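**Student:** Supplied in structure tokens, the structure appears directly below.
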Number of protein chains: 2
Amino acid sequence: MVAAAYPDGMTAVWLDEIRSLVGDRWSTAPSDLDAHGQDESWHPLHPPDLVVFPETTEEVAAVVSRCHTEGIPVVAFGVGTSLEGGIAALRGGVSIDTSRLNRVLRLSIADLDCTVQAGVTRHQLNELINPQGLMFPVDPGANATLGGMASTGASGTTTVRYGAMRHNVLGLTVVMADGRIVRTGGRARKSSAGYDLTRLMVGSEGTLGIITELTLRLWPIPEAMAAATCTFPSIDAAVEVAIETIQLALPVARMELLDEPAIEAVNAFDEMDLPVAPTLFFEFHGIRGAVDACADEIRRMVGDAGGTFTWATETEERSRLWHARHRAYWAMLAARPGGKGWPTDVCVPISHLAEAIRDAKEDLEASGLYAPLVGHVGDGNFHLCYILDPDDPDEFARAQAHYDRMITRALAVGGTCTGEHGIGWGKREFLREEHPEGIDIMKAIKQALDPRGILNPGKVV
Amino acid sequence: MVAAAYPDGMTAVWLDEIRSLVGDRWSTAPSDLDAHGQDESWHPLHPPDLVVFPETTEEVAAVVSRCHTEGIPVVAFGVGTSLEGGIAALRGGVSIDTSRLNRVLRLSIADLDCTVQAGVTRHQLNELINPQGLMFPVDPGANATLGGMASTGASGTTTVRYGAMRHNVLGLTVVMADGRIVRTGGRARKSSAGYDLTRLMVGSEGTLGIITELTLRLWPIPEAMAAATCTFPSIDAAVEVAIETIQLALPVARMELLDEPAIEAVNAFDEMDLPVAPTLFFEFHGIRGAVDACADEIRRMVGDAGGTFTWATETEERSRLWHARHRAYWAMLAARPGGKGWPTDVCVPISHLAEAIRDAKEDLEASGLYAPLVGHVGDGNFHLCYILDPDDPDEFARAQAHYDRMITRALAVGGTCTGEHGIGWGKREFLREEHPEGIDIMKAIKQALDPRGILNPGKVV
């Protein structure tokens, strides 16, 4: 096996020592290193020097402890679906692959909770618990690991109803920078016992600790589920219905916006024949009567807005619809073969959503960029996804400039530069713009918990 | 005016300087000092040396900055309804009374959010927004300030439906220990922009910063609201219905348990004639059909459990019921004139709730203590409220020993020593027991953000 170039302070001796902590579960094969140095976005490759595959919290702690002593960077890796370069090993070091931390440790149907290792994916968990009548609803699209979703502060299509990761994580096991193992939170539904370390770790992107286990809130599968696709004469009309839905507090479980380019991409990629128009995908969950009442109200609003409302009540039809929505990112990439994806992620107060989308799309046209739009519009969160020619730096520059303007407008109305993708290393300057005073507090916390700066260096702060 | 004894490092000169920062809005009158040194619980009096009444974030910052330079303790004060001694000035210093930070700064009906100063009480906010069709649902019983509720990590009767403070605070303005003003979070419904400083501050009890402004999520007043009282042949039967309600995910808005002594106290205090039996108070919110469907299901369950279900659909009747429930603490105090109240606050996974309550009540009888029970049972949270003779140290000792056992049992099943009252200085040893590793992380954060230890010293960590 060929050893890669070591970062400062990482010698072959220490590499051997770290490897020895995980038996034969490690790799320095270039293909493995590369696979752990690039996520699904445009961010360039930054491979680690070593990948380890621990199976227990204690193994992670042993590796981190050793890296701490030697000042070697440690980056946690789930399945690599991050979108802001979160898993890039900017300074080399050790990638902790969580794919073998893949056990569901405890499931309590009576308490609607479970404890899983960080490498369990959301599909894996749902396949286990769905037959028991339970579900874990947070759905970022990709079949990410639950540890990765917590680290990123992920949310997604169902957050309008079930909240984001931070609302559904009850407790964590975290390996701190010096290898200490800390358990945060617990199994109680609520607690005021000291500082909320759970929520501090959720969204910290592996820079304050490595999440190895999660205690998660589960939800009963609702008695009734139904979906509808609604097309509109204009994107403004679609957004207005979304806003009204939130303002009336109608209990939709999902409400996803796709613009015409997104619908075209999905139709082509998944052999669908959705009408090419601004579209809202709805899902309704609840007891039968409540689902019907909610859908009736939406149908009326869609009609008033000049749109059409089409039911998808059959499970298969519903699954096909959401399958297509989940694959929208890959559909967009396929629409421009060879292109690199760069999904934007602003989130604004809902009364500013129509304007934010209108401005972004007008500016997009002026900028001559291809970027279909999907949006978790119930949360005020939308993604224009630039598909860029990797060999055209001018196109990248125009996308960067467009994104800058979009974020500046979002911040001006109290919005955020990232609703759910995190900061990674792609958005650090925007974090400073969004939290000019808070960034120093974040840095003080980082310094207190990781004074040697070994945890995912170069990210977030 | 008589100057009180100053803590180390606080001289009359600095006292004058601090006073000069707030015009004539300060007091050293012994009655004012005493009123700011004791909360509503049994904790003994610890008055500050000075009370100031700032009106802006900038005034708070000026006071804190000066205190930081001089090493003078600073304790934030809302209306003094804390229950774990959170506002006690254990080392004297300056009490920052937030009663003049009482302005609603911004209200957006379209976005269902608002920004308020920390001294705005929840009733004050609701009186303003209810006529607009909006409500702020978090309800700890007392008419606390929103700043105090956030600092404590409060929740209460509606948390089963609307979440706790941590779920309803979108952003904060915080004065840090050195007087810096930091804005956390924002107005977007969700964000993954850096560390979650908002949730770190919520529940930190004024030990990491002084909250001066809050951006809050608001909710539409539901189309229909209805309440019911249900009495049961045994407390076990009542708890079993509560557990089943949660496990079926029935969307109740409130579900409060009262045992016979609590009902007796409420009846006597509020001239009610509720049947003396273990009782669940329910409230249902939603569209009319959903409220009816949910209530029908509960009625069936209550019948199966041998209980009786009585509607309280009229607004007046419903208000009277909840008014009585909110005054339960004072009703209990009145049941034993001259007594001191000591409300317990454990929270357990719901499958352990019946056992936790049964064990606690059996132990209570064996201990010869008077302590009616109320519980936010949908969250697994309940309060036995010891009413103690302040002149009987043996009774206090028996209560302490009983509470120790109750918490030990709660922690053994993954529960917490405080669901919503916080740590204050009453529960610091239990915090260590609950988070033996986490406490060191909390201390590191405290050290990083308040190295001189001036913010609410002696509390939480």
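Every number in this text was worked out from the coordinates using simple rules, so none of it is lab data. A quick note: this is a predicted structure, and the numbers were derived from the prediction, not measured. For neighbour counting, all protein chains shown are included, and Cβ atoms are generated from backbone atoms with ideal geometry for every residue, glycine included.
**Student:** If I take R0 = 41 Å and measure r between the Cβ atoms of A:S31 and A:E433 in this structure, what FRET efficiency does the formula 1/(1 + (r/R0)^6) give, to the nearest 0.05? Walk me through the numbers on the way to the answer.
**Tutor:** Numbers: r = 38 Å, r/R0 = 0.93.
For A:S31 and A:E433, the calculated efficiency is 0.60.
**Student:** Find, to one decimal place in angstroms, the Kirkwood hydrodynamic radius of region A:336-422, where the mean of 1/r is taken over every pair of different Cα atoms and then inverted. It would help to have the intermediate numbers written out before the result.
**Tutor:** Values: mean 1/r = 0.0774 Å⁻¹.
Taking every pair of different Cα atoms in region A:336-422, averaging 1/r and inverting gives 12.9 Å.
**Student:** To continue, here is another question. For chain B, state the average projected area of the convex hull of the C-alpha atoms over all orientations, rounded to one decimal in nm². Can you show the working numbers first?
**Tutor:** Details: hull surface 86.1 nm².
Value for chain B: 21.5 nm².
**Student:** Note down the net charge around B:L321, summing +1 for each Lys or Arg and -1 for each Asp or Glu among other residues with Cβ under 15 Å from its Cβ. List each step's numbers first, then the result.
**Tutor:** Values: positive: B:R254, B:R318, B:R320, B:R325, B:R327; negative: B:D139, B:E256, B:D270, B:E271, B:D273, B:E283, B:E314, B:E316, B:E317.
Once positives and negatives cancel, what remains is -4.
**Student:** Follow-up question, since we're still on this one. Compute the projected area of the convex hull of the Cα atoms of region B:12-97, averaged over all viewing directions, and report it in nm² to one decimal place.
**Tutor:** Directional mean of the projected Cα hull area for region B:12-97 stands at 5.1 nm².
**Student:** At R0 = 60 Å, how high is the FRET efficiency between B:A334 and A:R336 if r is their beta carbon distance? Nearest 0.05 is fine.
**Tutor:** Numbers: r = 74 Å, r/R0 = 1.23.
Efficiency at R0 = 60 Å is approximately 0.25.
**Student:** If you don't mind, another one. Place the label 7 angstrom along Cα→C-beta at B:I109 and in each other copy, then list the distances from the first to the rest in nm, shortest first.
**Tutor:** Output for B:I109: 4.8 nm, nearest copy listed first.
**Student:** Expressed as a whole number of Å, what is the distance separating the alpha-carbon centroids of region A:357-434 and region A:162-193?
**Tutor:** Their Cα centres are 31 Å away from one another.
**Student:** Give me the count of lysine pairs in the protein assembly as shown whose alpha carbons sit under 13 angstrom apart, restricted to pairs 8 or more positions apart or on different chains. Numbers along the way, then the final one.
**Tutor:** Numbers: A:K427/A:K459; A:K443/A:K459; A:K446/A:K459; A:K446/B:K446; B:K427/B:K459; B:K443/B:K459; B:K446/B:K459.
Total qualifying Lys-Lys pairs in the protein assembly as shown comes to 7.
**Student:** Using a Förster distance of 30 Å, how high is the FRET efficiency between B:S234 and B:R405, based on the Cβ-Cβ distance and rounded to 0.05?
**Tutor:** On the way: r = 22 Å, r/R0 = 0.74.
It comes out at approximately 0.85.
**Student:** Under unit Cβ charges (Lys, Arg +1; Asp, Glu -1), what dipole magnitude, rounded to 20 debye, does region A:104-220 have relative to its Cα centre? The partial results should precede the final answer.
**Tutor:** Numbers: 11 positive and 8 negative charges, 60 e Å.
Charge dipole of region A:104-220: 280 debye, to the nearest 20.
**Student:** Before anything else, pin down the relative contact order of region B:119-162: Cα pairs under 8 Å, at least 6 apart, normalised by residue count, whole percent.
**Tutor:** 43
**Student:** Any idea what Rg and Dmax come out to for the protein assembly as shown if you just take the C-alpha atoms, in Å?
**Tutor:** 27.6, 84
**Student:** In nm, what does the list of distances from A:G338 to its counterparts in the other copies look like, shortest first, when each label sits 7 Å along Cα to Cβ?
**Tutor:** 9.2
**Student:** Then there's this: If you take the charge dipole of region A:224-330 about its Cα centre, with +1 on Lys and Arg Cβ and -1 on Asp and Glu Cβ, which of A:A249, A:V266, A:W311 is farthest toward its positive end?
**Tutor:** Checking the options against the dipole of region A:224-330, the answer is A:A249.
**Student:** Shifting gears a bit: Could you line up B:E58, A:E59 from fewest to most neighbouring Cβ atoms inside 10 Å? Could the numbers behind the result be given before it?
**Tutor:** Values: B:E58 14, A:E59 21.
Ranking B:E58, A:E59 by Cβ neighbours within 10 Å, fewest first, gives B:E58, A:E59.
**Student:** By how many nm would the segment from A:E355 to A:W311 lengthen if fully extended, with 0.36 nm per residue of separation less the alpha-carbon distance? Don't skip to the end; give the middle numbers.
**Tutor:** Working: separation 44, 0.36 × 44 = 15.84 nm, distance 2.88 nm.
Net length gain for the segment: 13.0 nm.
**Student:** 7 Å along Cα→Cβ for the label point: how many nanometres lie between A:P233 and each equivalent label in the other copies, listed shortest first?
**Tutor:** Counterpart label points of A:P233 in the remaining copies fall at 6.5 nm.
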